Amino acid sequence: MSNLPSAHPHSKRLLLTGSSGLIGRALALRWKALGGEVIELAHKPRGDALTWHPENGELPARALENIGVVVHLAGETIGQRWSATSKKAIHDSRIFSTKLLAEKIAALPPAARPPVFICASAIGYYGYDRPDVVDESAAPGRGFLTDVCCAWEAALTPATAAGVRTVAARFGVVLAKHGGALEQMIKVFNLGMASPVGSGAQRVSWIALGDTVEALLLLIGRESLLGPVNVVSPHVCTNRELTEMLGRILNKTVKPAVPAFALKLMFGELATETMLADLAVNPRKLHEAGFVWKHGALEAALRHELGA
């Protein structure tokens with residue numbers, strides 16, 4: 001997509017949460033490069049952003065004034081050891097914030113509502129051990145992340161019921177040099193400790209950061225896209241393939257696999273539902289919309305993101 005959507009009078013004004021995160025930073029830069037304006041919502045006071053406190057139901061009244069697009073990417077990081085406290089924070093940060101935005105949008109006069117509300121979700125919706133290939137029509141799986149994703153997407157209901165086009169972007173593993181899983185893998189390689197995990201045969205549904213941003217632009221501009229949309233590459237790899245390919249590109253040695261039981265001892269549920277997850281996800285809706293992945297093949301994606 002080379003242009004911003006133009007049907008709405010305020011289509012160039014994007015309200016964005018999670019702008020300091022991996023995807024949010026990249027989307028904000030791309031949106032501005034295309035001539036758009038980004039209004040950021042942040043939890044901590046910042047001179048260039050509006051402050052909100054969704055846990056208390058607090059959203060500045062002016063946040064939704066003359067907004068053409070809302071993209072909500074904020075949420076407590078998944079990448080931490082899961083305790084009762086951290087799991088509550090992961091859940092509540094997503095559901096409370098999404099529900100607040102959806103309700104505030106629905107409460108606006110119809111003419112003042114932004115026509116599209118894009119909210120992050122995750123392929124964790126499908127669980128962590130699905131033998132079949134899943135697309136957007138698949139039922140939810142099982143596990144903590146599935147429960148979070150189901151509640152997260154359900155929190156969009158007030159905006160959907162008010163006639164706003166809502167999209168739940170179910171992100172796979174986003175590959176980028178700075179941030180996310182790939183950055184952590186590079187750190188482990190630099191320590192000389194990189195290896196596949198578990199059997200290494202578990203399937204990984206991934207997408208390059210650049211393609212992630214372009215997919216979001218398509219979701220914003222294409223009125224026929226709504227509901228859940230899988231934001232992944234059409235080419236699934238295995239954990240072993242990802243590790244070995246990265247080792248070749250970095251010219252680093254790959255160690256023998258770390259046993260699954262060791263990861264579960266160290267990280268508990270987090271290991272089971274993320275590092276050891278086996279999910280092959282099909283981006284059917286993006287395919288049907290004619291989306292073209294610039295970096296859909298694993299090696300090309302890694303070399304592009306790493307500048308190798």
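The values are calculated or read from the model by the stated rules, or taken from the named source; none is laboratory data. Computed from a predicted structure; not experimentally measured. We place every Cβ from the backbone using ideal geometry, glycine too, and count neighbours over all the protein chains shown. The accessibility values were calculated without ligands, DNA or RNA, using every heavy atom of the protein model including side chains. Shrake-Rupley method; radii C 1.70, N 1.55, O 1.52, S 1.80 Å.
Things to note:
- Among the residues making up region 156-174, those that are of a type in the set (Gly, Ala, Ser) and open to solvent by less than 10 Å² (accessible area, probe 1.4 Å) are 159, 168, 169.
- When residue 218 is tested against (1) in a helix (DSSP H, G or I); (2) touching a strand residue (DSSP E or B) at 6+ places or on another chain (Cβ under 8 Å), just one condition goes unmet, and that condition is (2).
- Residue within region 279-299 that is among the β-branched types (Val, Ile, Thr), in a helix (DSSP H, G or I), on the phi < 0 side of the Ramachandran plot and buried (at least 17 other Cβ atoms within 10 Å of the Cβ) present: no
- Residue check: residue 266 meets all listed conditions (1) more than 19 Å from residue 191 (Cβ to Cβ); (2) free of Cβ contacts under 8 Å to residues at least 60 places away in the same chain but one, namely (1).
- Selection of region 58-72 for residues being surrounded by 18 or more Cβ atoms within 10 Å (Cβ to Cβ) and not β-branched (Val, Ile, Thr) yields 59, 63, 64, 68, 72.
- Matching residues in region 148-175 - criterion: being part of a loop (DSSP other than H, G, I, E, B) and more than 23 Å from residue 278 (Cβ to Cβ): 155, 156, 162, 163, 164
Residues are listed down the side, and each one gets a yes or a no for (1) of a type in the set (S, T, N, Q); (2) at pLDDT 95 or above; (3) open to solvent by less than 10 Å² (accessible area, probe 1.4 Å):
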| residue | (1), (2), (3) |
| --- | --- |
| 178 | no, no, no |
| 190 | yes, no, no |
| 205 | yes, yes, yes |
| 219 | no, yes, yes |
| 226 | no, yes, no |
| 229 | no, yes, yes |
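- Filter result for residue 138 (open to solvent by 10 Å² or more (accessible area, probe 1.4 Å), among the aliphatic types (A, V, I, L, M) and at pLDDT 95 or above): yes
- Counted residues, region 74-100 - those being more than 23 Å from residue 263 (Cα to Cα) and touching a Leu at 6+ places or on another chain (Cβ under 7 Å): 2
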